[in-house]
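**Student:** Here it is, the structure in full.
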Amino acid sequence: MKKFVILIGSYCSGKTELALNMAANAASAGRRTLVVDLDRINDYFRMSDQIPILSEKKIELVSPTFVGKGLTQTNMPAAVASAFDSDWDLVIFDVGGDRAGALSLARYHEDFARLEAGSLEVYDIVNVFRPTSETPEKVLGLMAELEDFARAKVTGFVNNSNLLEYTTPGCLAQGLDVLREASLRSGVPVKHTTGLKRHLDAFLASGPDMAYVGEPVAIETHMLRTPGNFMHGKI
């Protein structure tokens, strides 16, 4: 079955990093993979800046910036249509973390509605160290807002709680505490917990409640970020 994954969440929750890792893993397994970059706002942290990695992994990209691709924003509607019409195994939509990003997804609501049952996942990527995701109330509030604008219901949470180079296994534990409560209140399951392998392994060794861990996914860091930009909300 052709699979679609939509990644939503607050700024600097790690959507683009996760999109790149998911795409790289799928492409390495021989799956024909397309990434659709709908983040038109965040100039600090763009998928289109990763053209060399995408090319190396044979991952196709549709992006509003198209650095190195010779394609402009005016071509976006036709290019995105290829996500639904062409023969991909996996299509990942990386959505900006605000109303504009969610609205850019909503224009394809009818295309998503026509998908085969079970082929679409909508993941809310949560980093509890971002101001909009520090508590269950904030997580659920932002999720509801993005769902409304995107016209897409979240099917699972992803715990991607980190503090860049200051990250410890305890960061994922703090994320679990927040997402456990958010999951209990909303009924939305935690589908994945993600992080650098060393942090993820230590977190899992601590014996967390696996009902709110989901499938652990180790990731690599590709995006260039600095603690200063992270702390000041620039990325």
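**Student:** Considering Leu179, Leu164, which residue is within 17 Å of the chain's Cα centre (by Cα) and within 30 Å of Arg107 (Cα to Cα)? Full working, then the answer.
**Tutor:** On the way: Leu164 fails: within 30 Å of Arg107 (Cα to Cα).
Result of the check over Leu179, Leu164: Leu179.
**Student:** Can you name the residue in the stretch 1-37 that is at pLDDT below 90 and under 15 Å from the mean Cα position of the chain (by Cα) and is also most open to solvent (accessible area, probe 1.4 Å) among such residues? Outline the logic, then answer.
**Tutor:** Our first condition is that a residue be at pLDDT below 90; within the stretch 1-37, this holds for 1, 10-12, 16, 37.
Right, trim to under 15 Å from the mean Cα position of the chain (by Cα) and you get 10-12, 16, 37.
Working: Ser10: 3, Tyr11: 79, Cys12: 7, Thr16: 8, Asp37: 3 Å².
Among them, the one singled out is Tyr11.
**Student:** Among the aliphatic types (A, V, I, L, M), free of Cβ contacts under 8 Å to residues at least 12 places away in the same chain and on the phi < 0 side of the Ramachandran plot: does that describe Met210?
**Tutor:** On the way: among the aliphatic types (A, V, I, L, M): yes; free of Cβ contacts under 8 Å to residues at least 12 places away in the same chain: yes; on the phi < 0 side of the Ramachandran plot: yes.
Criteria met by Met210.
**Student:** Look at Ser13 and say whether it is farther than 24 Å from Met143 by Cβ and of a type in the set (Ser, Thr, Tyr). Can you show your working first?
**Tutor:** Working: farther than 24 Å from Met143 by Cβ: no; of a type in the set (Ser, Thr, Tyr): yes.
No; evaluated as a whole, the condition is false for this residue.
**Student:** Check Phe66, Phe84 and return the single one that is at pLDDT 70 or above and aromatic (Phe, Trp, Tyr).
**Tutor:** Working: Phe66 fails: at pLDDT 70 or above.
Going through Phe66, Phe84 in turn, just one is at pLDDT 70 or above and aromatic (Phe, Trp, Tyr): Phe84.
**Student:** Here's a follow-up. Report whether or not Val158 is in a loop (DSSP other than H, G, I, E, B), at pLDDT 95 or above, within 13 Å of Ile6 (Cβ to Cβ) and not charged (D, E, K, R). Before you say what the answer is, go through the steps one by one.
**Tutor:** Numbers: in a loop (DSSP other than H, G, I, E, B): no; at pLDDT 95 or above: yes; within 13 Å of Ile6 (Cβ to Cβ): yes; not charged (D, E, K, R): yes.
Here the answer is no, as Val158 does not meet what is asked.
**Student:** Still on this structure: What are the pairs, 6+ residues apart or on separate chains, where a residue within the stretch 157-173 that is farther than 21 Å from Tyr123 by Cα and open to solvent by 40 Å² or more (accessible area, probe 1.4 Å) has its Cβ under 9 Å from a residue that is among the basic types (Lys, Arg) and outside any loop (DSSP other than H, G, I, E, B)?
**Tutor:** Pro169/Arg198
**Student:** Restricting to the stretch 110-155, and then to whatever is part of a strand (DSSP E or B) and either more than 20 Å from Tyr11 (Cβ to Cβ) or modelled with pLDDT under 95 (or both), can you tell me which residue is least open to solvent (accessible area, probe 1.4 Å)? It would help to see each step written out before you state the result.
**Tutor:** Keep residues of the stretch 110-155 that are part of a strand (DSSP E or B), which gives 120-126.
Keeping just the survivors that are either more than 20 Å from Tyr11 (Cβ to Cβ) or modelled with pLDDT under 95 (or both) gives 120-121.
Values: Leu120: 53, Glu121: 32 Å².
That would be Glu121.
**Student:** Follow-up. Within the stretch 38-57, can one find any residue that is under 16 Å from Val91 (Cβ atoms) and at pLDDT 85 or above?
**Tutor:** Looking for residues that are under 16 Å from Val91 (Cβ atoms) and at pLDDT 85 or above, one finds none in the stretch 38-57, hence no.
The values are calculated or read from the model by the stated rules, or taken from the named source; none is laboratory data. Worth saying up front: this structure is predicted, and the values here are computed from it rather than measured. Positions of Cβ are generated from backbone atoms using ideal geometry, with glycine treated the same way; all protein chains shown enter the neighbour counts. Note: accessible area is taken over every heavy atom of the protein model, side chains too, but ligands, DNA and RNA are not part of it. Shrake-Rupley method; radii C 1.70, N 1.55, O 1.52, S 1.80 Å.
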